[in-house]
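Peer 1: Before I ask anything, here is the structure I am working with.
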Amino acid sequence: MNFSIIVAIDKKRGIGINNDLPWHIKKDLKHFSETTISKSDKLNAVIMGRKTWDSLPQNFRPLKNRLNVVLSRQDNLSLPEGVLHFKSLDEALNNLNDSNEIFIIGGGSLYHEAIKHSGCNKLYITHVDIDKNCDTFFPEIPEKFKKTSESEVQTEDDWKFVFTEYER
Ligand SMILES: NC(=O)c1ccc[n+]([C@@H]2O[C@H](COP(=O)([O-])OP(=O)(O)OC[C@H]3O[C@@H](n4cnc5c(N)ncnc54)[C@H](OP(=O)(O)O)[C@@H]3O)[C@@H](O)[C@H]2O)c1
């Protein structure tokens with residue numbers, strides 16, 4: 001089953017601090033929603049690590065109009081109705097045949113595993129032009145992924161960022 005990764009990274013590939021995002025950029029959240037929400041009747045799935053699920057504000061989770069999937073090695077995870085729990089990435093991928101598209105939405109440990117997976121064929125990366133002293137990082141982008149799209153430089157408050165896409 002093929003899937004994409006979506007992430008926002010700083011100049012040092014930092015993605016998080018203290019189990020939270022290093023920034024709150026409205027335009028990037030909009031880009032995230034527009035990219036991950038399906039335009040057809042069939043839902044897209046968003047797969048996340050348990051810590052990323054924990055980090056989502058209560059009023060934002062589950063993420064709307066998407067099938068939310070949480071990975072955890074715990075046996076009993078308390079999740080709202082409709083949110084799926086799997087114990088490995090492959091178990092999740094094998095059970096999501098009915099989804100339209102599948103996105104890996106973080107965090108660091110899941111990105112490191114997913115980018116090496118044979119099903120990973122597209123990366124949506126927002127490059128934020130800052131070093132935020134993060135404690136969680138995105139892996140190096142393997143050479144087999146080539147940049148296929150890059151937006152104009154976007155700005156919001158003091159943030160400068162570009163939306164890019166990489167394909168295998
Ligand atoms: N900048 C961005 O775009 C972005 C996006 C998402 C997240 N983030 C940030 O990333 C940070 C969180 O990343 P993280 O690396 O600490 O945690 P994470 O990857 O979100 O979650 C790690 C946990 O997920 C479960 N897990 C991960 N891979 C698994 C697998 N293959 N099979 C089964 N369970 C698996 C385990 O849960 P159990 O311990 O329960 O077994 C593991 O402890 C936060 O700061 C968050 O804000 C940033």
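None of the figures in this text is laboratory data; all of them are computed from the coordinates on show. Just so it is clear, the structure is predicted and the values come from calculations on it, not from any experiment. Cβ atoms come from the backbone with ideal geometry, glycine included; neighbour counts cover every protein chain shown.
Peer 1: Among DSSP beta bridges lying fully in region 3-167, give the percent that are antiparallel, nearest 5.
Peer 2: Here the share of antiparallel DSSP bridges comes out near 45 percent.
Peer 1: Which length gain, in nm to one decimal place, applies between S40 and N94 when the Cα-Cα distance is subtracted from 0.36 nm times their residue separation?
Peer 2: 17.3 nm
Peer 1: Here's something else I'd like to know. How much net charge surrounds L77 when only the other residues with a Cβ under 15 Å from the Cβ of L77 are counted, with Lys and Arg +1 and Asp and Glu -1?
Peer 2: Combined, the nearby Lys, Arg, Asp and Glu give +1.
Peer 1: Another one. Let me spell out the model: positive unit charges on the Cβ of Lys and Arg, negative unit charges on the Cβ of Asp and Glu, origin at the Cα centre of the chain. What dipole size does that give, in debye rounded to 20?
Peer 2: In debye, rounded to 20, the chain gives about 160.
Peer 1: Restrict the search to region 89-168; then list the GluC sites (Glu not before Pro) that DSSP places in a loop and that have at most 13 other Cβ atoms within 10 Å of their Cβ.
Peer 2: Of the GluC sites (Glu not before Pro), the ones in loops of region 89-168 whose Cβ has at most 13 other Cβ atoms within 10 Å are E140, E143, E152.
Peer 1: For K132, give me every one of the lysines with a C-alpha distance below 23 angstrom, ignoring sequence neighbours fewer than eight places off in its own chain.
Peer 2: Straight-line reach from K132, under 23 Å: K11, K12, K26, K27, K30, K51, K160.
Peer 1: At K27 and S149, where each label point lies 7 Å from the Cα along Cα→Cβ, what is the point-to-point distance in nanometres?
Peer 2: 1.6 nm
Peer 1: How many angstrom lie between the C-alpha centres of region 120-168 and region 10-64?
Peer 2: Taking the Cα centre of each part, region 120-168 and region 10-64 sit 14 Å apart.
Peer 1: Which one of F86, I25, Q58 has its Cα pushed farthest toward the positive end of the charge dipole of the chain, where Lys and Arg give +1 and Asp and Glu give -1 at the Cβ?
Peer 2: F86
Peer 1: Let me ask another. Using a Gaussian network for the chain with springs between C-alpha atoms less than 10 Å apart, which of these wobbles most: N94, N44, N19?
Peer 2: Of N94, N44, N19, the Gaussian network model singles out N94 as fluctuating most.
Peer 1: Under the rule a/c < 1.5 gives rounded, and otherwise a/b versus b/c splits prolate from oblate, where does region 1-76 land using the Cα gyration tensor?
Peer 2: Note, shape of region 1-76 comes out oblate.
Peer 1: Separate question: Give the shape of region 55-117 as rounded, prolate or oblate, defined through the alpha-carbon gyration tensor: a ≥ b ≥ c are the square roots of its eigenvalues, a/c under 1.5 means rounded, and otherwise the shape is prolate if a/b is larger than b/c and oblate if not.
Peer 2: It comes out rounded by the Cα gyration axes.
Peer 1: By how many degrees, between 0 and 90 and to the nearest 10, does the Cα long axis of helix 26-36 differ from the longest principal axis of the chain?
Peer 2: It is inclined by approximately 40 degrees.
Peer 1: If you build a Gaussian network model of the chain, linking Cα atoms that sit under 10 Å apart, which residue out of T126, T52, T155 swings the most?
Peer 2: Largest GNM mean-square fluctuation: T155.
Peer 1: Another question, if that's okay. Under a 5 Å amide H to amide H cut-off, with H placed in plane at 1.01 Å, what residues pair with F137 once short-range neighbours are removed?
Peer 2: The answer is I15.
Peer 1: Which of I37, I115, I25 ends up with the largest GNM mean-square fluctuation for the chain, with Cα atoms connected below 10 Å?
Peer 2: Most flexible of the set in this elastic network: I25.
Peer 1: With a ≥ b ≥ c the root eigenvalues of the C-alpha gyration tensor of region 1-146, is it rounded (a/c under 1.5), prolate (a/b larger than b/c) or oblate?
Peer 2: Because its axes are fairly even, with a/c under 1.5, region 1-146 counts as rounded.
Peer 1: Let me ask something else about it. Counting other C-beta atoms within 10 Å, and keeping those with at most 11, which DSSP coil trypsin sites (Lys or Arg not before Pro) do you find in region 71-126?
Peer 2: Here the trypsin sites (Lys or Arg not before Pro) that fit, given the DSSP loop and packing criteria, are R73, K116.
Peer 1: Further question on the same structure: Show me, for region 154-162, the HN-Hα J-couplings you get by feeding each phi into the Karplus relation (A = 6.51, B = -1.76, C = 1.60, θ = phi - 60°), rounded to Hz, glycine and proline as x.
Peer 2: 9, 9, 7, 6, 8, 7, 10, 7, 10
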